[in-house]
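Structure record follows, encoded as structure tokens.
The values are calculated or read from the model by the stated rules, or taken from the named source; none is laboratory data. As the structure is a prediction and not an experimental result, all values here were calculated from the model. Cβ placement follows ideal geometry from the backbone for every residue including glycine, while neighbour counts extend to all protein chains displayed.
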Amino acid sequence: MNSKVYSVTEATLKLEYYCSYQERCHQEVVAKLYDLKMIPQAIDMIIVHLIEHNFLNEERFACSFARGKHRIKSWGKIRIVNELKFRKISQYNINTALKEITSEEYLETFHKLAENHWETMREANVIKKRKKFCDFLLRKGFESNLIYEKVKELEL
């Protein structure tokens, strides 16, 4: 465990670095400051400093998060929204973040992921295969209507 005591200046520099190499949400930064054993007044001062100097920007975090999780992990909008809510991101910023993903890109990712998963599934029982397929795409956060339409299309 880290027992070093940090001054506000040291903690501020540490957090500037922490925020500069990856976008962070307020919740992650506050948790990090508590790990550094900072008192609430110091935490507030540091958070204000980070926001004023553009190290911490919740809208930028939400947009970066949505883009990255969609493009790299192929998450659907439902999963992205739930993960952002879990990180206490405002509804306004969530809506802004979802605009980062065009509907063309979203559907292309969905169809590619669905078709690839369907082809690679090794399940002989059609009912079990359908259930596993739907569960996979629901876990990824895609809308059920999209999934059920795709199942019908792929079963033909």
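Determine which member of the set Lys37, Lys69, Lys77, Lys32 is among the basic types (Lys, Arg), at positive phi and in contact with a Phe, Trp or Tyr (Cβ under 8 Å, 6 or more places away or on another chain).
Lys37
Exactly one of (1) at pLDDT 95 or above; (2) within 26 Å of Arg139 (Cα to Cα) is unmet by Gln22. Its number?
For Gln22, the exception is condition (1).
Residue by residue, here is whether (1) in contact (Cβ under 8 Å) with a residue 40 or more places away in the chain; (2) part of a helix (DSSP H, G or I); (3) of a type in the set (Val, Ile, Thr); (4) over 30 Å from Arg24 (Cβ atoms) holds:
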| site | (1), (2), (3), (4) |
| --- | --- |
| Arg79 | yes, yes, no, no |
| Ala97 | no, yes, no, no |
| Lys112 | no, yes, no, yes |
| His117 | no, yes, no, yes |
| Cys134 | no, yes, no, yes |
| Leu137 | yes, yes, no, no |
| Glu153 | no, yes, no, yes |
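Going by what's in this entry, would Met38 be described as more than 30 Å from Glu100 (Cβ to Cβ), among the aliphatic types (A, V, I, L, M) and either touching a strand residue (DSSP E or B) at 6+ places or on another chain (Cβ under 9 Å) or not in a helix (DSSP H, G or I) (or both)?
yes
Return yes when Asn54 is loosely packed, with under 14 Cβ neighbours inside 10 Å, within 27 Å of Lys140 (Cα to Cα) and out of contact with any helix residue (DSSP H, G or I) (no Cβ under 6 Å at 6 or more places or on another chain) and no when it is not.
no
Identify the residue in region 15-51 that is among the basic types (Lys, Arg) and touching a helix residue (DSSP H, G or I) at 6+ places or on another chain (Cβ under 8 Å) and, among all such residues, is surrounded by the fewest Cβ atoms within 10 Å (Cβ to Cβ).
Residue satisfying both the conditions and the ranking: Lys32.
Given Lys88, Lys77, Lys73, Lys112, which one is outside the structural domain of Ala31 (by TED's automatic domain parsing) and within 19 Å of Asn57 (Cα to Cα)?
Of Lys88, Lys77, Lys73, Lys112, the one residue that is outside the structural domain of Ala31 (by TED's automatic domain parsing) and within 19 Å of Asn57 (Cα to Cα) is Lys88.
What residue, among those in region 1-14 that are free of Cβ contacts under 8 Å to residues at least 24 places away in the same chain and in a helix (DSSP H, G or I), is surrounded by the fewest Cβ atoms within 10 Å (Cβ to Cβ)?
Here the residue is Thr9.
With the requirement that a residue be surrounded by 10 or more Cβ atoms within 10 Å (Cβ to Cβ) and not in a helix (DSSP H, G or I), what does region 119-132 give you?
If the condition is that a residue be surrounded by 10 or more Cβ atoms within 10 Å (Cβ to Cβ) and not in a helix (DSSP H, G or I), then Met121, Glu123 are the ones that fit.
Scanning region 120-148 for residues that are among the acidic types (Asp, Glu) and modelled with pLDDT of 95 or more, which turns out farthest from Leu98 (Cα to Cα)?
The extreme case among them is Asp135.
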